[in-house]
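Beneath this line is the structure, given in structure tokens, with notes to follow.
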């Protein structure tokens, strides 16, 4: 059996396991939900961290995402993969957080001032790329994260952010240009 | 976007694609998540335990209201039936009284009439008898119909009218033949 086939089988097995955990969690099993948390926490944290560019806030929003997921897991009908559903729920939560009056408005934040040694940002460095993304304006950063990292389509992003597809494309263009200015 | 822009973006895109899908959070959030879920569950439980009382009270109240409504309806129906029976009884008594008076008047007339028939035109006698038979037949028909439908107001009125017609006939004969 080739390495690809082994990997494919492992993925299938994992997908089945996730489906079982989801089913058990839907019937009230907290231990099954813990398995889901363990499986998805890294991806959800990465999404939250990249979207809100703040570790403490990302942790808080990740926690909230899983609490909300537990509350709403009964509504998950399996029409999409659970991971996709969870990512959608988390991105909605981050966007809602930034929309709420106690926090910064989506349009309100401009590109933060870079530290004096920012010229050392290197495209090849993962840390620098993450930093450059984090320094993007909020709305542009969210669109870039959801489109270029999470692979969401413009119409999907437009829907969750309650903006037009045109605005979404414009924000992505802006984000990419800012990244190019910073990194190249 | 120019070619250079495309090339520049392509470099960044490759770097983005190499970014890890997953980043380990600095702290394990499970205990906090579990705590919040359990708190939710206990709140929900307490809410549902507190919640049954108003529903029970509402259900009892509803049951009482429904019972009262049913009783009221039954009572009303019973009372209506009772009133209907009383009215029917009164009507029957009134008809019986009318019948008794009629029989008395008719019997007296027939006695007098039979005594006078020999001195009367046989055609007139036959005509009077014929009319009395017709009226008697009509009264018998109405009484039969009333036995099937005692509460029928129209039949009762018709019976009273027929008795009245018979009385009028007797009165006319008496006027024509003062000796009767």
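Derivation of every value follows stated rules applied to the coordinates shown; laboratory data play no part. Since the structure is predicted, the reported quantities are computational estimates derived from the model, not experimental observations. When we count neighbours, we look across all protein chains shown, and the Cβ atoms used for this are built from the backbone with ideal geometry, even at glycine.
Worth pointing out:
- Label zone at residue B:160 (point 7 Å along Cα-to-Cβ), backbone N below 17 Å, segment B:129-147: B:139, B:142-143, B:146
- Pairwise FRET efficiency - residue B:86 versus residue B:119, Cβ, R0 = 41 Å, nearest 0.05: 0.20
- Segment A:1-71: translational diffusion in µm²/s, Stokes-Einstein, Kirkwood Rh over Cα pairs, 25 °C, 0.890 mPa s: 182 µm²/s
- The mean sequence separation of alpha-carbon pairs under 8 Å and at least six residues apart, normalised by the residue count of chain B, gives a relative contact order of 21 percent.
- Residue of B:71, B:22, B:94 that the Gaussian network model of chain B assigns the largest fluctuation, springs spanning Cα pairs under 10 Å: B:22
- With Cα atoms, 0 to 90° folded angle of helix B:122-148 axis to chain B main axis: 20 degrees
- For the Cα trace of segment A:130-184, dividing Rg by the Kirkwood Rh returns an Rg/Rh value of 0.96.
- Other protein chain C-beta atoms within 10 Å of residue C-beta, averaged over B:11-19: 6.
- Helical content alone sets the calculated 222 nm signal of the protein assembly as shown at -27000 deg cm²/dmol, taking -39,500 (n - 2.57) per DSSP H segment of four or more residues and averaging over every residue.
- Between residue A:71 and residue B:97, the modelled label-to-label distance comes to 8.1 nm, taking each label 7 Å out from Cα in the direction of the beta carbon.
- Top of B:156, B:130, B:27 by mean-square fluctuation, Gaussian network on chain B, Cα under 10 Å: B:27
- Distant alpha-carbon pairs in chain B (separation over 22 angstrom), percent: 74 percent
- Put in line by how crowded their Cβ is, counting other Cβ atoms within 10 Å and starting with the fewest, B:16, B:170 read B:16, B:170.
- Gain on full extension, evaluated as 0.36 nm per residue between residue B:126 and residue B:19 minus their Cα-Cα distance, stands at 25.7 nm.
- Model label points for residue B:169 and residue A:80, set 7 angstrom from Cα along the Cα-to-Cβ axis, are 9.8 nm apart.
- Distance cut-off 26 Å, percentage of C-alpha pairs in the protein assembly as shown lying past it: 70 percent
- Ranked by the mean number of other Cβ atoms within 10 Å of their residues, highest first, the peptides B:134-143, A:125-134 come out as A:125-134, B:134-143.
- Ordering of A:135-146, A:45-56 by burial proxy (mean other Cβ atoms within 10 Å per residue, highest first): A:135-146, A:45-56
- Three-way shape call for segment B:79-180 based on the alpha-carbon gyration tensor, with the a/c threshold at 1.5: prolate
- Acute angle (nearest 10 degrees) that the helix B:30-116 long axis makes with the longest principal axis of chain B, alpha-carbon atoms: 10 degrees
- Rel. contact order, % - alpha carbon contacts under 8 angstrom, at least six apart, segment A:124-184: 40 percent
- Cα-based helix-to-principal-axis angle, B:153-176 vs chain B, degrees rounded to 10: 10 degrees
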